[in-house]
Amino acid sequence: MQSAAQLRELLGGYASEVERCIRCGFCNSVCPTSNIPQAYMGSRTSRGRLVILQSIITGSREIEFSNKLLDLIDLCFGCRRCLEVCPAGIPIPQIMWSVRSAASKMGLPHASWMLRSFVKNYDKLASLASRFPGLANTLTRSKLGRVLAERLLGIDKKVELPAYIPLRHESSINSQQRLAYFGDVFGLYHEGNVVSGLFSLLERLGYGVEVPRGQRQAGIPLLELGLLDEARATARRNVEILSGYVERGYKILTTSPAAYLALKQDYPKLLDDTNARKVAENTIDAVQLLNELVKRGELELDGGGREVVYHSSCFSQATSLSGAIVGLLNNAGFKVVGTTPRCCGVAGMWGLLREHYETAKQVGSALFNELRDAETIVSQSETCRLWMRSILGKEILHPVEAILKYCKA
Amino acid sequence: MRYKKVSGEDLENLRRIVGEDYVSTDEDELAANAIDAFPGEFHMPEAVVWPGNAHEVARVLAYANENRIPVTIRAAGTSLSGCVPLYGGIVLNITRMNRVKEIAERDMLAVVEPGVIYERLNEQLSRYGLFFPPDPGSAVACTVGGMVANNASGMRAVKYGVTRDYVLALEMALPSGKLVKLGARVFKTSIGPDLTRLMVGSEGALGVFTEITLRLRPLPRKMVTALALFDKVTDATDAVYEIVRTGLDPAAIEFLSRKTIQAVTQFRDLNIPDADALLIIELHGRDEHVLEHMRDVERILERHGAFHIKSAEEEGERKRIWEARKGAYPSLLRISPSPLTGDIIVPISKITDMVAKSYEIAERYGVDMGMVGHIGDGNVHHTWFADRREPGSWERASKANEEIVRYAIELGGAASAEHGIGIEKKKFMRLQHGEAYELMLQLKRLFDPNNILNPGIMFDLEDVMAVELP
Ligand SMILES: Cc1cc2nc3c(=O)[nH]c(=O)nc-3n(C[C@H](O)[C@H](O)[C@H](O)COP(=O)(O)OP(=O)(O)OC[C@H]3O[C@@H](n4cnc5c(N)ncnc54)[C@H](O)[C@@H]3O)c2cc1C
Ligand code: SF4
Ligand code: SF4
């Protein structure tokens, strides 16, 4: 089949990764999509996606690569939980991104032009909107704003869009311990208040923090939509900027697990160069840094034994930041009464899209039941917080936000 | 044998039995059910059917039997010996039947539907301080029904036994459409031939399990684990024999050969010195006595020349020891893209001979090979390195494996200890069973006169067709 050969070629090295899958189904055991009601069907599971690709790539059946197949591939939302259990070390989500990328090269674009343009430029739009936060917030909260988001981007109108709270910060670099902040969209444009609270705390402890200009979004949604060339360009730009800081002795600071994941894991793979690896080695997340400071006795926090439930987001799991977060919460005097590794279903932008909204709710339903009675819920991922906030109607806090809000420092 | 193709009318009728949503002819779905964890070819079914309960299973079987449509039973599809629809027809996928129906704490038993995943069941049982011990390496994925069909087992078999030792009763759907109940809710019976035990390991050739009653065990309270390294593999295998023989009742004795140790060291970030053999020994008990027993184990290991011994009681440390074993197969997979996994077992007194023979065969065929195994009961998995894309590579690995299987049978052992026969090991059935093979074929004819169940799996279809009922 012509399209099978073409797919094989476009997948490059990922084609042989597909073939290496031993079809053990271990990935299904952690894949959040195993929770959807149709998951009794093999084709709706993680292993199924690999097997279907194997059947095409090995020429075991004659089929044309189609939109229908792409819909199945689309069920993988890139949470990366499977990477921890796959005995063969198959880069499952990366394979799905490249299938999407191949599809669009074969004339089968996976997302609408409008959505692709939006994802490519979201940071620029957010930066613009943040200059007029009053106006932007009125629009996004209005019915018109939601209708536009749905019509133009396919974002379900039940989704509560995030408010614009830009990060305003004066650099303070007259210090030995220098940090350059890599914020991604939420840190820079939606949760600027939390980030600047963190900076003040760090500055009191003698750190100098700078926000490098010209940095772009981390770009994980680009990967997920299969916009690999754009993701690579974004990564290159960010690495160029950040590696300059690393050269000058800065550590790169993140607050978003997506930003951390991009710098630590995705950029080195996408770019395969020394600068990307250098940036990766010198990146630290705020939760790790604070936990270190608390452990070393340089920062004292008292959460007064407040009970919190920690939701370990997919990316906090994939980056192993969850360990540091639970450690930090405990060391900061909170009482972590539960941790829930279950997926909330949103997976970045995936669950916000109209076509996935209901599926995403099904994926998250077990988690929502667990969290219904919890008083203080903490999660590091911005989209998980946005999503759970809108479904549970409760405040969900970033770990740093919980510390700023409840701890006596 | 001529089977009927699945027609539009058949699909209609099947939908009437199981419901509209639970019959599929979608080609991607067919592909997902056309292969399992055995590295074989894709064999597309014509339809996939997901029954929701025992009666639906029975009705689907009766329909297929009447219409001569082959039925391939599929659970989690983790079989390493291959169970795919060789003759097309329908795949009867039992994954929807995954309820734990009852946990009878006082009777120490559980009643489950066949599609429940092993680890999910044990998660529920742990709340009662109970467990179902066999613990296959595929615990997170495989189903209890698949385990019963293959008589699966795992790391703890040397103390706790295998799946067969835990199946008290079964409900089964037969090709005739009958539902039968075998066994009873008690640990022992003396009530005639034991059909329940006969069914364990029948690989779906005789009927479909629709309900399984399992005996349970209390979770051990105290566990201690040791790792030992040897310069000579034969010293390790001799030590195994002595540990088993001394009545120390090990809960696990696992073995890694040199190649496997190297692979694990390379891919699992484990700092293991170069060695010819690695053993992991675990003891389970109620109290501190196990620690004393572990000292005895250590003395045996020392006496047999172990140059490094480390034991651990604390959970994290024990886990780190087990990492060497749990990472073994994954690490071998990194080296060999489509490995052929063997599953032979020999009497424990013959382990040393078998290991020596394995190296000799590997060298003769020029095939790399890593061994890893439940050596406490004589079961070793050879991982013969192969790459299907390289001409001749798979065939060489198969030949090497075939030779060690023949040797194992010669020593009084068996072609498969836990993975089952499937497609892959059919060729050894006659050698393994001799005259008794005919009896098995007759049994197959008796239960499944039209050969609709799992055709070509475990028994060659021609062999079944050729046999005469007495
Ligand atoms: C990485 C890996 C590690 C493994 N480690 C081990 C191990 O340590 N020990 C071990 O024993 N096995 C191991 N296996 C093999 C496999 O997991 C077992 O054989 C398991 O019991 C198969 O269960 P399943 O649910 O996947 O069944 P399937 O593969 O779907 O089916 C297996 C057989 O059972 C039949 N069957 C399934 N359900 C029923 C039913 N309800 N009624 C009648 N017949 C039925 C099928 O027709 C087939 O013949 C491993 C496999 C993998 C991939
Ligand atoms: S990345 Fe997440 S959604 Fe995708 S297959 Fe892996 S576990 Fe499933
Ligand atoms: S866990 Fe890995 S090897 Fe197993 S089915 Fe999933 S992708 Fe394939």
Residue tally, condition more than 14 Å from chain A (Cβ to nearest Cβ) and in contact with a Phe, Trp or Tyr (Cβ under 8 Å, 6 or more places away or on another chain), over the range B:16-48
1
Considering only the range A:55-80, state which residues are without any contact (Cβ under 8 Å) to a residue 40 or more places away in the chain, touching a helix residue (DSSP H, G or I) at 6+ places or on another chain (Cβ under 6 Å) and within 15 Å of ligand 2 (Cβ to nearest atom).
A:72, A:73
Return the residues of the range B:49-75 that are within 13 Å of another protein chain (Cβ to nearest Cβ) and not in a loop (DSSP other than H, G, I, E, B); say none if nothing qualifies.
B:49, B:74
For the range B:202-237, how many residues meet the condition of being of a type in the set (A, V, I, L, M), open to solvent by 30 Å² or more (accessible area, probe 1.4 Å) and either within 16 Å of ligand 2 (Cβ to nearest atom) or over 24 Å from the mean Cα position of the chain (by Cα) (or both)?
1
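Going by what's in this entry, would residue A:75 be described as assigned to a helix (DSSP H, G or I) and crowded, with 20+ Cβ neighbours inside 10 Å?
Considered against the rule, which asks whether it is assigned to a helix (DSSP H, G or I) and crowded, with 20+ Cβ neighbours inside 10 Å, residue A:75 comes out as no.
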Tally, over the range B:111-133, of residues that are out of contact with any Phe, Trp or Tyr (no Cβ under 7 Å at 6 or more places or on another chain) and away from every other protein chain (no Cβ under 11 Å)
12
Away from chain B (no Cβ under 11 Å), at pLDDT 90 or above and within 12 Å of ligand 2 (Cβ to nearest atom): is that true of residue A:83 in this structure?
yes
Checking B:422, B:412 in turn, the sole residue that is open to solvent by less than 50 Å² (accessible area, probe 1.4 Å), at pLDDT 95 or above and either in a loop (DSSP other than H, G, I, E, B) or of a type in the set (D, E, K, R) (or both) turns out to be B:422
Would you check which residues across the range A:39-56 are in contact with a Ser or Thr (Cβ under 9 Å, 6 or more places away or on another chain) and more than 7 Å from chain B (Cβ to nearest Cβ) and list them?
A:39, A:44, A:45, A:46, A:49, A:54, A:56
For the range A:57-68, enumerate the residues that are among the β-branched types (Val, Ile, Thr) and at the interface with chain B (Cβ under 9 Å from one of its Cβ atoms).
A:58, A:63
Search the range A:26-47 for residues that are assigned by TED's automatic domain parsing to the domain that holds residue A:79 and pair each with any residue that is small (Gly, Ala, Ser) and more than 13 Å from ligand 2 (Cβ to nearest atom) when their beta-carbon atoms are under 7 Å apart and the residues are at least 6 apart or on different chains.
A:26/B:141; A:28/B:141; A:29/B:141; A:35/A:366; A:41/B:24; A:42/B:32; A:43/B:32
Any residue at all in the range B:332-352 that is over 21 Å from residue B:229 (Cβ atoms), surrounded by fewer than 22 Cβ atoms within 10 Å (Cβ to Cβ) and among the acidic types (Asp, Glu)?
no
Sort through A:87, A:109 and tell me the only one that's assigned to a loop (DSSP other than H, G, I, E, B), over 22 Å from the mean Cα position of the chain (by Cα) and more than 16 Å from ligand 1 (Cβ to nearest atom).
A:109
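Conditions tested, residue by residue: (1) open to solvent by 10 Å² or more (accessible area, probe 1.4 Å); (2) closer than 23 Å to residue A:189 by Cα; (3) in contact with a strand residue (DSSP E or B) (Cβ under 7 Å, 6 or more places away or on another chain).
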| residue | (1), (2), (3) |
| --- | --- |
| A:375 | yes, no, yes |
| A:382 | yes, yes, no |
| A:386 | yes, yes, no |
| A:392 | yes, no, no |
| A:397 | no, yes, yes |
| A:406 | yes, no, no |
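Among B:301, B:270, B:332, B:278, which is the only one that is under 22 Å from residue B:380 (Cα atoms), touching a residue at least 40 places away in the same chain (Cβ under 8 Å) and not in a helix (DSSP H, G or I)? Write out each step before concluding.
Details: B:301 fails: not in a helix (DSSP H, G or I); B:270 fails: under 22 Å from residue B:380 (Cα atoms); B:332 fails: not in a helix (DSSP H, G or I).
One residue alone meets the criteria, B:278.
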Only unsatisfied item for residue A:360, checking (1) assigned to a helix (DSSP H, G or I); (2) at positive phi, is (2)
Which listed residue is over 29 Å from residue B:133 (Cβ atoms) and in contact (Cβ under 8 Å) with a residue 12 or more places away in the chain, from B:16, B:99, B:59:
B:59
Within the range A:35-57, how many residues are within 16 Å of ligand 1 (Cβ to nearest atom) and over 27 Å from the mean Cα position of the chain (by Cα)?
3
Restricting the range A:14-34 to residues that are away from chain B (no Cβ under 13 Å) and in contact with a Ser or Thr (Cβ under 9 Å, 6 or more places away or on another chain), the one nearest to ligand 1 (Cβ to nearest atom) turns out to be A:33
With more than 30 Å from residue B:78 (Cβ to Cβ) and buried (at least 16 other Cβ atoms within 10 Å of the Cβ) as the only criterion, which of A:142, A:98, A:104 stands out?
A:104
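Matching residues to (1) more than 26 Å from residue A:21 (Cβ to Cβ); (2) away from chain A (no Cβ under 14 Å); (3) aromatic (Phe, Trp, Tyr):
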{"residue": "B:365", "(1), (2), (3)": "yes, yes, yes"}
{"residue": "B:383", "(1), (2), (3)": "no, no, no"}
{"residue": "B:388", "(1), (2), (3)": "no, no, no"}
{"residue": "B:407", "(1), (2), (3)": "yes, yes, yes"}
{"residue": "B:423", "(1), (2), (3)": "no, yes, no"}
Tell me, yes or no, whether the range A:58-65 has at least one residue that is closer than 24 Å to residue B:40 by Cα, outside the structural domain of residue A:318 (by TED's automatic domain parsing) and within 15 Å of ligand 1 (Cβ to nearest atom).
no
Taking the criterion of being among the hydrophobic types (A, V, I, L, M, F, W, C), within 16 Å of ligand 3 (Cβ to nearest atom) and at pLDDT 90 or above, would at least one residue in the range A:185-203 satisfy it?
no
Matching residues, the range B:302-335, being out of contact with any strand residue (DSSP E or B) (no Cβ under 7 Å at 6 or more places or on another chain) and either facing chain A (nearest Cβ under 10 Å) or of a type in the set (S, T, N, Q) (or both):
B:326, B:327, B:330, B:331, B:333, B:334
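The values are calculated or read from the model by the stated rules, or taken from the named source; none is laboratory data. Because the structure is a prediction, the values reported are computed rather than measured. For neighbour counting, all protein chains shown are included, and Cβ atoms are generated from backbone atoms with ideal geometry for every residue, glycine included. We work out accessible area using only protein heavy atoms, side chains counted, and drop any ligands, DNA or RNA first. Shrake-Rupley method; radii C 1.70, N 1.55, O 1.52, S 1.80 Å.
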